[in-house]
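Notes follow the structure.
The values are calculated or read from the model by the stated rules, or taken from the named source; none is laboratory data. Treat the numbers as computed from the prediction; the structure is a model and nothing was measured. Note: ideal-geometry Cβ built from the backbone for every residue, glycine included; neighbour counts use all protein chains shown. Side chains are part of the model used for accessible areas, which takes the heavy atoms of the whole protein and leaves out ligands, DNA and RNA. Shrake-Rupley method; radii C 1.70, N 1.55, O 1.52, S 1.80 Å.
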Amino acid sequence: MARGFVAVVALLSVASFAAAQSAGSNTRPRASDLGLKIGILPTGPFNAITDVAGVEVGQTTMISGDNIRTGVTAVLPHSGNLYREKVPGALSVGNGFGKLTASTQVDEMGEIETPILLTNTASVPRVADAVTTYILTLPGNEDVLSVNPVVGETNDGYLNDIRGRHVTPDDVFAAIKKAKGGPVEEGNVGAGTGTVAFGWKGGIGTSSRKLPQNLGGYTVGVLVQTNFGGVLTITGAPVGQELGQYYLHKELQQGSAKDKADGSCIMIIATDAPVDSRNLRRLAARAWLGMARTGSAASNGSGDYAIAFSTASQLRIHTSEKPPTRHVELLTNDAMSPLFLAVIEATEEAIYNSMFRATTMSGNGHTVAALPIDKTIEILREHRCTK
């Protein structure tokens, strides 16, 4: 049964959104613009991962000729020297059909020491090499002999000439250099330029949730790179089914197989709560519940990863520290539950935003249509329910 869908959607002009969509402009709405209320927790001011103080996002979008549709997205936990001031981090693997560099060291040490980069599958080694160069050349890192670059990916080979491996070090450096706080561009940008979600155009999406002061006042932000399939569900409404585009549709109609629901989804979770790597792993695992709400089929060919980190200043790991012990205040296990809910809600909304903001894209001999806003609104209206 659908969760709440507020009446303000009735005031929106379907025609205006349809016109924006057909024009291919970047004026397509976010979920909140449609009056969608995902969950119960309030968002931060930007409703983005950058609502977590200090977190910055930069992107390089590569659209060239008939077949280059790819890019790079960089998420910086803070703007300082991450190698010298590492942040606690952890990851959760939903389905390991993917490439996530640094995963074993992050899992072992519970630390993240570089910006987190997203790109396409075939470009992971080159991006990792560029991130290594970036860290090695930072002032103060002259004696560094080992770097653990965190790079995730999804396969954009349907719209992009992925075999060409067009991402260069300069593209990586540009994404890192452009990283900033504030609003985050979504849809066909950065690492989401050539991605596909639920058979429609996917991309980069983000959202955030803020806990009330009596629960600590902490913020959780999520950024996603969507490139996976299933049966699209939006706030409980069977959008994919009613639009006639979903996993196993052809097989259930006794036709030939078409959609394998393959791809991948990378979810990056930031919080300012004082959470160590053990509970960050638990936090990352809750992102799967948000992804599941959107209708993911978690297919065999979908490489799905969640990466979480804390920006709490008292938890930073300084390479200059010499004492063998540390004394820090951490949230208890019992205090984690509100943060778990925040991750679930923010992940769900970030995935919707990645699709709502994406526009129709052609490349590599294929065209992927954007999710039709007007028809989606009609379906959501038909399936709205009271709490």
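Some notes on this structure:
- Take the conditions (1) open to solvent by 10 Å² or more (accessible area, probe 1.4 Å); (2) within 28 Å of N148 (Cα to Cα); (3) touching a residue at least 60 places away in the same chain (Cβ under 8 Å); R30 misses just one of them, which is (2).
- Count of the stretch 272-286 residues, restricted to those that are open to solvent by less than 10 Å² (accessible area, probe 1.4 Å) and polar (S, T, N, Q), is 1.
- Hits in the stretch 57-66 - residues which are crowded, with 19+ Cβ neighbours inside 10 Å and not aliphatic (A, V, I, L, M): G58, Q59, T60, T61
- Condition broken by T325, with the remaining ones in (1) without any contact (Cβ under 8 Å) to a residue 24 or more places away in the chain; (2) within 15 Å of V93 (Cβ to Cβ); (3) of a type outside the set (F, W, Y) satisfied: (2)
- When the stretch 72-98 is limited to residues that are assigned to a loop (DSSP other than H, G, I, E, B) and modelled with pLDDT of 95 or more, the one that is nearest to G203 (Cα to Cα) turns out to be P77.
- Top-ranked residue in the stretch 312-355 [being assigned to a helix (DSSP H, G or I) and of a type in the set (D, E); ranked as nearest to R282 (Cα to Cα)]: D334
- Comparison of G54, G44 shows that the only residue that is surrounded by fewer than 23 Cβ atoms within 10 Å (Cβ to Cβ) and at positive phi is G54.
- In the stretch 212-237, the residues that are closer than 20 Å to G192 by Cβ form Cβ pairs under 6 Å with partners that are among the hydroxyl-bearing types (S, T, Y) and open to solvent by 10 Å² or more (accessible area, probe 1.4 Å), at six or more places apart or across chains, as follows: F228/S296; G229/Y247; G230/Y247; G230/S296.
- Any hit, the stretch 293-304, residues being assigned to a helix (DSSP H, G or I) and touching an Asp or Glu at 6+ places or on another chain (Cβ under 7 Å): yes
- Subset of the stretch 103-115 (residues that are out of contact with any Gly (no Cβ under 7 Å at 6 or more places or on another chain) and open to solvent by less than 20 Å² (accessible area, probe 1.4 Å)): E113, T114, P115
- With respect to the conditions (1) touching a strand residue (DSSP E or B) at 6+ places or on another chain (Cβ under 8 Å); (2) open to solvent by 20 Å² or more (accessible area, probe 1.4 Å); (3) at pLDDT 95 or above; (4) of a type outside the set (K, R), L289 lacks only one, and its number is (1).
- Looking across the stretch 294-330, just one residue is in contact with a helix residue (DSSP H, G or I) (Cβ under 7 Å, 6 or more places away or on another chain), open to solvent by 10 Å² or more (accessible area, probe 1.4 Å) and hydrophobic (A, V, I, L, M, F, W, C), and that is V328.
- Remark: R69 falls outside the filter, which requires a residue to be surrounded by fewer than 21 Cβ atoms within 10 Å (Cβ to Cβ) and of a type in the set (K, R).
- Filter result (of a type in the set (S, T, N, Q) and within 19 Å of the chain's Cα centre (by Cα)) within the stretch 333-387: T347, N353, S354, T359
- Matching residues in the stretch 196-242 - criterion: being open to solvent by less than 10 Å² (accessible area, probe 1.4 Å) and among the acidic types (D, E): none
- Checking R30 against (1) modelled with pLDDT under 95; (2) closer than 20 Å to M355 by Cβ; (3) within 18 Å of the chain's Cα centre (by Cα), the condition it does not meet: (1)
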